[in-house]
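Novice: Let me begin by handing over the structure; questions about it come next.
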Amino acid sequence: MALTFHGQGDGELARSLLSEAERAGARITVLAVGTWLGEHPELARRVLDGGHELGNHTMRHRAVCALPADEAYAEITECADRLRRLTGTIGSWFRPSRARTATDLVTGLAARAGYPHVLSYDVDSQDFQDPGPDAVRETILGRVRAGSVVSLHFGHPGTLTALPAVLDGLRGRGLRAVTATELMHSDGVPATAGPGRRTDTG
């Protein structure tokens, strides 16, 4: 299964969360907002140096699926350009901002920008509502299964507090947190197949 994080918010919390995941041997996928990378450029390399994966979550975290095509494309490509400047690559995945899945238009624009797959999720932790670490843990462990993609967020203290118990619970079920790319290719099937692998392809 994959733990995916929307990359924005307090940089120190992000560093602590990455360290906590690494202590437990977990690898995560971070979908970074471009303005956040502008505020914390060093975190792009920190994510990759920790063995994690970095992707694109638009430049300004606008409601990308509701934007005109030219504005939506700019949201995607400006973040891609920032990722390329910081890491040498645009990242493996695009995730639409303020939407669980991409429209056909945004999927096509992402493909045009170099992202053949748009990453969604089947488990919403609801951590951005700050319900407390116990609620975050219970939501994830109550819904996760093999092949799941979980949506989480940097910048929320309850998420950091919940993470060790979440990872313990996953291990107790025989599940391992891997990057989205590792998950999608773990059994040789395309990225659009399998339970919980809710992706749109361009």
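Conditions (1) touching a strand residue (DSSP E or B) at 6+ places or on another chain (Cβ under 9 Å); (2) open to solvent by less than 20 Å² (accessible area, probe 1.4 Å), marked per residue:
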site	(1), (2)
99	no, no
106	yes, yes
110	yes, yes
151	yes, yes
155	yes, no
163	yes, yes
168	no, no
175	no, no
184	yes, yes
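Novice: Just the residues that are touching a residue at least 60 places away in the same chain (Cβ under 8 Å), among the β-branched types (Val, Ile, Thr) and in a loop (DSSP other than H, G, I, E, B), please, taken from the range 68-113.
Specialist: 101
Novice: May I ask you to list the residues in the range 112-127 that are under 19 Å from residue 159 (Cα atoms) and surrounded by fewer than 17 Cβ atoms within 10 Å (Cβ to Cβ)?
Specialist: Those that are under 19 Å from residue 159 (Cα atoms) and surrounded by fewer than 17 Cβ atoms within 10 Å (Cβ to Cβ): 124, 126.
Novice: So for the range 101-118 (the condition being within 25 Å of residue 37 (Cβ to Cβ) and touching a His at 6+ places or on another chain (Cβ under 6 Å)), does at least one residue qualify?
Specialist: No, because not a single residue in the range 101-118 is within 25 Å of residue 37 (Cβ to Cβ) and touching a His at 6+ places or on another chain (Cβ under 6 Å).
Novice: Right, something else. Would you confirm whether or not the range 134-147 contains a residue that is in a helix (DSSP H, G or I), open to solvent by less than 10 Å² (accessible area, probe 1.4 Å), under 29 Å from residue 66 (Cβ atoms) and not acidic (Asp, Glu)?
Specialist: yes
Novice: Would you pick out the residues in the range 8-57 that are of a type in the set (Gly, Ala, Ser), more than 23 Å from residue 165 (Cα to Cα) and open to solvent by 20 Å² or more (accessible area, probe 1.4 Å)?
Specialist: Of everything in the range 8-57, just one residue is of a type in the set (Gly, Ala, Ser), more than 23 Å from residue 165 (Cα to Cα) and open to solvent by 20 Å² or more (accessible area, probe 1.4 Å), namely 38.
Novice: If you don't mind, there's one more thing I want to ask. Among the residues of the range 107-133, which ones are within 30 Å of residue 70 (Cα to Cα) and of a type outside the set (A, V, I, L, M, F, W, C)?
Specialist: 107, 108, 112, 114, 115, 116, 117, 120, 121, 122, 124, listed by residue number.
Novice: Which residues, counting only those in the range 58-67, are within 15 Å of the chain's Cα centre (by Cα) and open to solvent by 40 Å² or more (accessible area, probe 1.4 Å)?
Specialist: Within the range 58-67, no residue meets the criteria.
Novice: Would you tally the residues in the range 118-133 being part of a loop (DSSP other than H, G, I, E, B) and over 16 Å from the mean Cα position of the chain (by Cα)?
Specialist: 3
The values are calculated or read from the model by the stated rules, or taken from the named source; none is laboratory data. Being a predicted model, the structure only gives us computed values, none of them experimental. Every residue, glycine as well, gets a Cβ built from its backbone with ideal geometry; the counts of neighbours run over all protein chains shown. Surface areas here come from the heavy atoms of the whole protein model, side chains and all, with no ligands, DNA or RNA. Shrake-Rupley method; radii C 1.70, N 1.55, O 1.52, S 1.80 Å.
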